[in-house]
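I have placed the structure first, in the form of structure tokens, so that the comments after it can refer back to it.
The values are calculated or read from the model by the stated rules, or taken from the named source; none is laboratory data. Fair warning: this is a prediction, and the values are worked out from it, not measured in the lab. Cβ: placed from backbone, ideal geometry, glycine included. Neighbour counts: every protein chain shown. The accessibility values were calculated without ligands, DNA or RNA, using every heavy atom of the protein model including side chains. Shrake-Rupley method; radii C 1.70, N 1.55, O 1.52, S 1.80 Å.
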Amino acid sequence: MKKLLSMFALVTMLGFGFTGNTYAEDAAPVAEATTAVAPAAEAAAAAVAPAATEVAPAAAPAPVPNKGDTAWMLIATVLVSLMVIPGLALFYGGLVRQKNMLSVLMQVFMIFSLMAVLWAIYGYSVAFTGGSPYFGGLSKAFLAGVTPESLGATFSKGTYIPELVFVAFQLTFAAITPALIVGAFAERMKFSAILAFMVLWFTFSYLPLAHMVWYWDGPDAITTAASLDTVVANAGWLWAKGALDFAGGTVVHINAGVAGLVGAIMVGKRIGYGKEAMTPHSLTLTMVGAALLWVGWFGFNAGSNLEANGYAALALVNTFIATGAATLSWTFSEWLLKGKPSMLGAVSGAVAGLVAITPACGFVGPMGAIVIGLLVSPICYFMVAKVKYVLGYDDALDVFGIHAIGGVFGALATGVFVNPALGGVGVVDYVANGVAAYDFGAQMTAQIYAVVTAIVLSAVVSFIAFKIVDVLIGLRVSEEAEREGLDTSQHGERAYHS
């Protein structure tokens, strides 16, 4: 009996210990990303021996990465890769004409590969090291100092993942964002010009915006009001202003969407645009690509929590239901206005919902996510069905109308529905270790700062980059090459041989 009671006591103590760890990991996120530098641990209190003999202060144990968080982040990274190749490639490929299918696949595949290399050489360092509020430094160029032992902070105090996992996860974001842009000028731009533009745009638009929105010193650096001031002073400009972007509404979608609009205008309309039929050659492949995007987006959104806890689950649930709501609202809007619901409309609505919930997914409650999904599709539908034709620009695959407009709406909606009174989780106060009081005016001001900064930065950088490439290489293929199709004129191959 005595042995049984001892075992029961041991199990009880273990149970309380496990529960305490769960609470410690459940801190709500404040911003999307963090530096991959482990903060200094607090000094341990001096131990006193039973005989009142003084003992030297014990060193705090070195932080150990959580294996569950690490495993989840490895999976999330692979899921985001699935979004790009094959997800985005097939989604875009099915939407173009048959003679240009292979060119789109090649563009997405090569951009993903190019960005992966640039990210390791200098991208990670510029985005996620200190330097200035607008641009990081080169202290980790060529991944210097990034080893299997180096750690990255998450959003909970005392919780870490390997820095290499964070590097890989953010690599996939840096790869998909430029790839999104190609849909705007599909079917008419030189392959060499696309690659040259992407290098310039990645360096001077994506990296600075990622730094401004997501760079900070991590939660363990915040213990007092004075330390918070230090963290804010060292952080990216928009993070310091309090802008919320959980998974890339500004950094990814507004950034890419605005670049797409600038490109569509500067490259010019496709030959025959508005006069010839330019219908998608395979909505079957587009639907497959959209489905892969949706599945991969769970890694994109839920992975951005950097931990496997309740907030990752919240982001995952919101990604399900906001996307579903947006699919329904686009389909029924089209059904009402055109008389028939289309597959193209359904997948467009799904992507609009995914875009809009991206900045909000870890901050809003499920009901807020449904509202965001229901509202974003009619807005994007109006842009691509009406405004685009009134203004006369040829955004071939509606990159601006869905990604930029959906991203703007999602970023602003995040500032509204993060409010705990509307079901949101609020923003963590790391000094008080609780949820900060919600201030509508301050939060919306921060969100507007982020949206305007993303639009202006991307527009200016894109315009300059396209001008440079136009002078050095030329943006557009010849009329003969465009009529022949980019598959054969640019790559000497065809997607189909029947």
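Just a few scattered comments:
- For the pair Thr147 and Ser342, the difference between a 0.36 nm per residue extended length and the Cα-Cα distance amounts to 65.2 nm.
- Each Cα pair under 8 Å and six or more residues apart adds its sequence gap; the mean of these over the residue count of the chain is a relative contact order of 22 percent.
- Rounded percent of accessible protein surface that carbon and sulfur make up, the chain, 1.4 Å probe: 71 percent
- Solvent-accessible surface ranking, highest first, for Ser139, Ser304 at 1.4 angstrom: Ser139, Ser304
- Rounded to the nearest 10 degrees, the inclination of helix 283-302 to the longest alpha-carbon principal axis of the chain is 20 degrees.
- Rounded tilt (10° steps) of 440-472 against the dominant C-alpha axis of the chain: 50 degrees
- Between Asp429 and Glu480, the FRET efficiency from the beta-carbon distance, with R0 = 56 Å, is close to 0.35.
- Residues of the chain: accessible area per residue with a 1.4 Å probe, Å²: 41 Å²
- Angle of helix 101-118 to the longest C-alpha principal axis of the chain, folded into 0 to 90 degrees and rounded to 10: 30°.
- Other-chain or far-sequence residues with amide H under 5 Å of Gly152's (modelled H): Ile161, Glu163
- Each residue of the stretch 72-81 was assigned a 3J(HN,Hα) from its phi angle through the Karplus curve 6.51 cos²θ - 1.76 cosθ + 1.60 (θ = phi - 60°); the sequence is 4, 5, 5, 5, 4, 4, 5, 5, 5, 4 Hz, with glycine and proline shown as x.
- In this structure, the pairs whose alpha-carbon distance is over 19 Å, taken from Lys340/Lys386; Lys157/Lys241; Lys338/Lys388, are Lys157/Lys241.
- The heavy atoms of Asp217 offer some 40 square angstrom of accessible surface to a 1.4 angstrom probe.
- The largest accessible area among Glu484, Glu334, Glu149 belongs to the first residue in Glu149, Glu484, Glu334, and the rest follow in falling order (1.4 Å probe, all chains).
- Residues whose amide H comes within less than 5 Å of that of Arg476, counting only those at least five positions distant or on another chain, are Lys190 (H built at 1.01 Å from N in the peptide plane).
- Remark on Phe135: its backbone amide H falls under 5 Å from none of the residues 5 or more positions apart or on other chains, H modelled at 1.01 Å from N.
- Convex hull of the stretch 90-177 built on C-alpha atoms - directionally averaged projected area, nm²: 7.5 nm²
- The tail of the calculated P(r) for the stretch 373-494 beyond 22 Å holds 60 percent of all Cα-Cα pairs.
- Normalising the Debye intensity of the stretch 194-239 to I(0), with uniform scatterers on Cα atoms only, and taking log10 at q = 0.16 Å⁻¹ returns -0.51.
- Dipole of the chain, positive end: most advanced residue of Ile379, Ala313, Phe463 [Cβ charges, Cα centre]: Ile379
- Each peptide in 266-274, 444-452, 370-378 receives the mean, over its residues, of other Cβ atoms within 10 Å, and ordering these scores from highest gives 370-378, 444-452, 266-274.
- Theoretical gain in end-to-end length, Met367 to Thr279 [0.36 nm per residue, Cα-Cα removed]: 28.1 nm
- Helical content of the chain, expressed as a calculated mean residue ellipticity at 222 nm, amounts to -18000 deg cm²/dmol (DSSP H runs of 4 or more residues, -39,500 (n - 2.57) each, divided by residue number, nearest 500).
- Both radii were evaluated on the Cα set of the chain; the Rg over Rh quotient, with Rh as the Kirkwood radius, amounts to 1.03.
- Couplings 3J(HN,Hα) for the stretch 426-435, derived from phi with the Karplus relation 6.51 cos²θ - 1.76 cosθ + 1.60 (θ = phi - 60°), are x, 10, 6, 9, 6, 6, 8, 6, x, 8 Hz, where x marks Gly and Pro.
- In sequence order, calculated HN-Hα J values of the stretch 327-338 (Karplus, 6.51, -1.76, 1.60; Hz; x Gly/Pro): 4, 5, 5, 5, 4, 6, 5, 5, 4, 5, 8, 10
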